[in-house]
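Peer 1: A single structure is presented below for examination.
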Amino acid sequence: MPHRGCIDGNVVGSLLSFRIPGTYGPPLYGLEVGQPVDVSRNIACSKALQSNARYLLFIDSDIVFPPDTLEKLLSYRLPVVGAAYRSRGPPYAVVANGNSLDPAVLKDPNVDLMKVDNIGMGFTLIDNRVLKSLAMKLEWRCFLDHTKQIKQEVARYTNKQAIDQGYKCSLCQKLLVAKFFDYRSGKANNTAISEDFYFCKLCNDNQIPIHLSTKTFVKHMSQQQLGIEGFETNLISVGDVS
């Protein structure tokens, strides 16, 4: 869970009722804080590889979800599959295919799973073999300044070196990170997209399919909860007591 700011009480309630199938062994939870969201996601990928996890599940800290959401996604046994949710801004489309997917698909009884170009990472399950495959073409770096040891600030490693070293820097033993995610909106002339769509582009470039479970719906918290029908609650600020 990459996180910035406060967590809504509804999100905490979802986490407390979260169900994880026992056949997958004890989970490792992670709340990545203190850095941009793309860096947090990259750290999570490194930790998933380092621990040899079977899956990496991203949950945004503004997502409210039913207890069986993970069980549903696991049942598909797909490389990358996400739960459906609506964007926080108009026209409140489903966050997939560039935030342009019509919410009407959520009510279509004949559609349960659809292949898409990209999805948000609000509640998305990634098979660890996807990360291993993508990492083969990526460079690994250490966050710390190693100018004194190697006369250059950034220590860089090949994927093979990263694997051999347990995804740790040989100079300081800190975690190595590769760029699976990169938030490029407003920062790049080309591929100026959000970090989740950047990851999806890597998957597309490597022929890794991405799917959206339209019948696995989670709610996106704004000032109100965004359900299938749209806004569901009228929340009032705790500071407004007049």
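Peer 1: Run residue 14 past the list (1) closer than 28 Å to residue 143 by Cβ; (2) buried (at least 18 other Cβ atoms within 10 Å of the Cβ) and report the number of the one that doesn't hold.
Peer 2: Exception for residue 14: condition (1).
Peer 1: Quick check on the stretch 99-116. Is at least one of its residues of a type in the set (A, V, I, L, M), closer than 23 Å to residue 10 by Cα and at pLDDT 95 or above? Spell out how you get there, then give the answer.
Peer 2: Residues of the stretch 99-116 of a type in the set (A, V, I, L, M): 101, 104-106, 111, 113-114, 116.
With closer than 23 Å to residue 10 by Cα added as a condition, the list becomes 106.
When the remaining residues are screened for being at pLDDT 95 or above, the result is none.
Within the stretch 99-116 (the criterion being of a type in the set (A, V, I, L, M), closer than 23 Å to residue 10 by Cα and at pLDDT 95 or above), the answer is no, since none of the residues qualifies.
Peer 1: Right, next: Let me spell it out: the conditions are (1) closer than 27 Å to residue 82 by Cα; (2) part of a loop (DSSP other than H, G, I, E, B), and residue 172 meets all of them except one. Which number is the exception?
Peer 2: Tallying (1) closer than 27 Å to residue 82 by Cα; (2) part of a loop (DSSP other than H, G, I, E, B), residue 172 fails exactly one: (1).
Peer 1: Mind listing whichever residues of the stretch 185-224 are in a loop (DSSP other than H, G, I, E, B), modelled with pLDDT of 95 or more, closer than 26 Å to residue 71 by Cα and not β-branched (Val, Ile, Thr)?
Peer 2: Passing the criteria: 207, 209.
Peer 1: Need the failing condition index for residue 191 against (1) more than 30 Å from residue 220 (Cα to Cα); (2) surrounded by fewer than 19 Cβ atoms within 10 Å (Cβ to Cβ); (3) out of contact with any Cys (no Cβ under 9 Å at 6 or more places or on another chain), just the number.
Peer 2: Result: residue 191 fails condition (1) only.
The values are calculated or read from the model by the stated rules, or taken from the named source; none is laboratory data. All values reported here derive from a predicted model rather than from experimental measurement. Positions of Cβ are backbone-derived with ideal geometry, glycine not excepted, and every protein chain shown enters the neighbour counts.
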